[in-house]
Amino acid sequence: MTRVICIGNTTLDKIWPLTQLPTTGGKYRASDYLEVGGGMAANAAVAVARLGGNAAYWGRAGDDSAGRTMVQEMTDYGVDVSQFRLFAGARSSTSAILVSGDGERAIVNFRGAGVPDDAGWLPLEEVRSAQAVLADIRWVEGDVAVLGAARAAGIPTVLDGEIATAAAWQAVLPLVDHAIFSEPGLRSFMDTPIETDADRIAALRKVRTLGCRMAAVTRGGEGTIWLDETGIHFQMAFTVDVVDTTGAGDVFHGAYALALGEGQAIPQAVRFASAVAALKCTRRGGRAGIPTRAEVESFLADQGGRHMPR
Ligand SMILES: Nc1ncnc2c1ncn2[C@@H]1O[C@H](COP(=O)(O)OP(=O)(O)OP(=O)(O)O)[C@@H](O)[C@H]1O
Ligand SMILES: [Mg+2]
């Protein structure tokens, strides 16, 4: 089985559906209540497990009820949580989400508190047991340690490039082989505006000068642009009936890292990840909506969509 270590963010969403969003203080009745885990790396780990990989999540939260709920949910999805550490006295990141009947959301996020940044406890010698490492950009100390160990062992590294500081990019990107940004993430990397494909390509060229083999930007329903040593490429998004795009980017990254770990070439890995993310969009839930491997294979077999060199 292909082992993928996913390091980074985990958070717990507490969701209250109700008919209408409150406009003022008062008492309101919810029609349901759900607790679901989120976070880029944590969702990516769930995607790897769901797609038949051996997924490990390495990360941190508080030793509180939210932390324990997140550990339990990931365990239920079959993710190895032996390096998901809950810290006594620390508080987990949680969100309260009110969703109205027409899908409008009010989100209140608490980022958590007291979770230590030090990464000295991570068992770096275990990194060589993996075939790929996926990191998000929310735990720079952990990323530098784990991506550095992967680089030293010749294991491919993938970054989920969401919004981050210049200092974070500088520390992490030189250790990344495949840097796959969201549009807001790529904007936060550049200090010039990004509006056209020419701007995107210029930004991805700059990413590659930092040592990344492949640099990409995912653009939701507009597909994915990437640059590697062979040039500029484009993968269209698959056309599907979109129900819920929550977690599409996170799931794309998990699927891409798994495909790389299995030895797939970049165009095949991008196509596979795009199919997984598109299928996820056809179902509710960032995790509950992730397809199985068999569903992805049969979907791909029915599609003609290929990547096109530009
Ligand atoms: N509407 C859609 N139809 C088909 N595929 C989609 C759609 N939205 C997203 N995808 C797929 O998911 C990939 C990642 O989506 P997107 O670029 O929106 O990620 P993101 O901006 O990181 O968002 P998030 O992390 O919040 O999910 C896209 O490159 C595409 O392959
Ligand atoms: Mg994303």
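Tabulated data
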{"item": "Gaussian network model of the chain, springs between alpha carbon atoms under 10 Å - residue of LEU147, LEU175, LEU210 with greatest fluctuation", "result": "LEU210"}
{"item": "Those lysines that a straight Cα-Cα span of less than 30 Å connects to LYS27, excepting residues fewer than 8 apart in one chain", "result": "LYS14"}
{"item": "Most positive-pole-ward Cα, THR282, THR239, ALA255, against dipole of the stretch 3-309 from beta carbon charges", "result": "THR282"}
{"item": "Segments 217-230, 250-263, 7-20 sorted - mean Cβ within 10 Å per residue, highest first", "result": "250-263, 7-20, 217-230"}
{"item": "Point-charge dipole on Cβ atoms (K/R +1, D/E -1) for the chain, about Cα centre, debye to 20", "result": "60 debye"}
{"item": "Selected from VAL140, VAL270, VAL108 as most flexible by GNM, with the chain as the system and alpha-carbon contacts under 10 Å", "result": "VAL108"}
{"item": "For LEU122, net neighbour charge (Lys/Arg +1, Asp/Glu -1) across residues whose Cβ lies under 11 Å away", "result": "-3"}
{"item": "Electrostatic dipole magnitude of the stretch 78-207 [Cβ: Lys, Arg +1; Asp, Glu -1; Cα centre; debye, to 20]", "result": "180 debye"}
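Values in this text are rule-based calculations from the coordinates and carry no lab data. Everything numeric in this text was worked out from a predicted model, so none of it was measured. Every residue, glycine as well, gets a Cβ built from its backbone with ideal geometry; the counts of neighbours run over all protein chains shown.
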